[in-house]
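Each remark here refers to the structure printed beneath this line.
No lab work stands behind these numbers, since they all come straight from the coordinates. What you are looking at is a predicted structure, and each value in this text was computed from that prediction instead of being measured. Positions of Cβ are generated from backbone atoms using ideal geometry, with glycine treated the same way; all protein chains shown enter the neighbour counts.
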Amino acid sequence: MDNLVRLGVRYPVFKAKNTNIAVQIYSQLFGLENTTSVEMFDALVIKNSHASDNGFVLVRNSPTLSYSFLTTSNCIHHTLRLKNSGFSCTEPPISTTLGLASKFQDELGNVIILLEEREYS
Amino acid sequence: MKQVRVLETNSALMSHVITDEGYQETISGFSIHTVFNGNKEYLLGRRNVTIYPGDFLVLNNGSSRSGTFDSKSPVNAFSIQFNPGFLSDYRSVLVNRTEKLLDNLDLRKDGQQWCPENIYPFKGDMKYNIMHLKNYMDNELEDDLLLQEHLFRCLIDFSKVYHNEVLMKAEKLKFSSLSTRKEVYRRLAIARDYILSNYNKALTLSEIANAACLSVNHLLRTFKDAFNQTPFQFLTRIRLERAQFMLKTSSSSVRNISMEVGFGCSSAFIRAYKRTYSTTPTELLRA
């Protein structure tokens, strides 16, 4: 039988008040141009129309804020990109044993950690 | 072929494919140099140092240096030349408290020497950062702000390398006087550079000691204190690392590689390789 971890996490989840604005912001963040939205329970799943492996989820009435780890091939590049998109950088890129990481918050307080995984051995 | 990108701060990035065997260049200013294949030789005062993939060389501001290369195949080289003002700005950010950063702006015009001109290991964050910069150069990225951010990170990463490779290792030397520790470490670093530059030749201890202006006994004792291995163990490790790089990147036979990295015979190379990596060079080639 498969272990739970093998089920995997499909999309990062963010709390959103105004989903129209949030769709624009996060689509830009993930570089999604042609998106499809699917209503599911309290959530709105936004995914790339062509590549099904790229997307995110917005939750309207979530009691908790989200804390998402996003991996990137270049933390510095994406840190500047997020800053330019209006995200507030609460921790500039720092070296960790996993790699280079920076921390952001959006207007609602959703936390995003950008992680560029690095092999130090 | 040489690509040069000069940023607004007058720092410059240079990506270089050197094909001319008699190539020469003059370098000035604080700069970082690395190669991704082959090797490149630099004349620093009276000593020659050669960098190979896996190393980077730091040169200080102040005097000119010349570089040549003697590889049979084209050498892919990359260097960063820092503007003295950018460098002083970085130093001022590190040294001063936030409220003092707008004071003493004249300090930023200098370009003081601030680290020993030595070969350092090209790994960790420094490697990732320079690879990103090279990637930007190859893709002709125009974003000055992003490039400068990476240059700033390069200096932070180099400070970490400097702390680990210089300060921590000098601290291990058993001398009570700070100035003696600094001087002995400076000579040991020259010995280490000599081994790194000439690892593929038949080196003797007296030759290494002579290059570093130390006696053989003094070299043996202090090298082990600073680097946790004897000069011979260090030489063997470098030969094996370079051999491993060649096994992964070239089509040469195990026998040829063992000769190229300075092992007298291939059986000694295979034994040393197996002892270190728990596999044979042939098994690595097959994988």
Practice task
Mind jotting down the distance between the C-alpha centroids of the stretch A:53-84 and the stretch B:191-211, whole Å?
Solution key: 51 Å
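Rounded to the nearest 20 debye, what is the charge dipole size of the stretch B:108-207 about its Cα centre when +1 sits on each Lys and Arg Cβ and -1 on each Asp and Glu Cβ?
On the way: 16 positive and 15 negative charges, 172 e Å.
The calculated dipole for the stretch B:108-207 is roughly 820 debye.
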Problem - Candidate aspartates and glutamates - alpha carbon under 14 Å from B:K248, same-chain residues fewer than 8 apart omitted - result: B:E283
Problem - Under 13 Å from the Cα of A:K103 - aspartates and glutamates, other chains or at least 8 residues apart - result: A:E91, A:E116
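Once you have the Cα-Cα distance between B:A268 and B:N164, take 0.36 nm times their residue separation minus that, and quote the gain in nm to one decimal. Mind showing how you got there, number by number?
On the way: separation 104, 0.36 × 104 = 37.44 nm, distance 3.22 nm.
My answer for the length gained is 34.2 nm.
Do you know the relative contact order of chain A, to the nearest whole percent, from alpha carbon pairs under 8 angstrom that are 6+ apart?
Working: 209 pairs, mean separation 26.9, N = 121.
Dividing the mean separation by the residue count of chain A yields 22 percent.
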Handout entry: Proximal lysines relative to B:K134, as straight alpha-carbon distance under 19 Å, when same-chain residues fewer than 8 apart are discounted
Key = B:K2, B:K40, B:K123
Practice task
Please name which of A:A22, B:P53, B:A226 has its Cα lying farthest along the dipole of the protein assembly as shown towards the positive end, using unit charges on Cβ (Lys, Arg +1; Asp, Glu -1) and the Cα centre as origin.
Solution key: B:A226
Practice task
State the Cα centre-to-centre distance between the stretch B:251-266 and the stretch A:8-25 in whole Å.
Solution key: 57 Å
Exercise for the section: For chain B, set up a Gaussian network in which alpha carbons nearer than 10 Å are linked by springs, and say which option among B:S266, B:S250, B:S159 fluctuates the most. Expected result: B:S250
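Just flag the chymotrypsin sites (Phe, Trp or Tyr not before Pro) in the stretch A:22-69 sitting in loop per DSSP whose Cβ has no more than 15 other Cβ atoms within 10 Å.
Numbers: sites: A:Y26, A:F30, A:F41, A:F56, A:Y67, A:F69; in loops: A:F41.
Here the chymotrypsin sites (Phe, Trp or Tyr not before Pro) that fit, given the DSSP loop and packing criteria, are A:F41.
Relative contact order for chain B using alpha-carbon pairs under 8 Å, separation at least 6, rounded to a whole percent?
Values: 422 pairs, mean separation 39.3, N = 287.
Reported as a whole number, the value is 14 percent.
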Handout entry: Given B:K182/B:K274; B:K169/B:K201; B:K160/B:K182; A:K47/B:K160, the pairs whose alpha carbons are separated by over 30 Å
Key = B:K182/B:K274; A:K47/B:K160
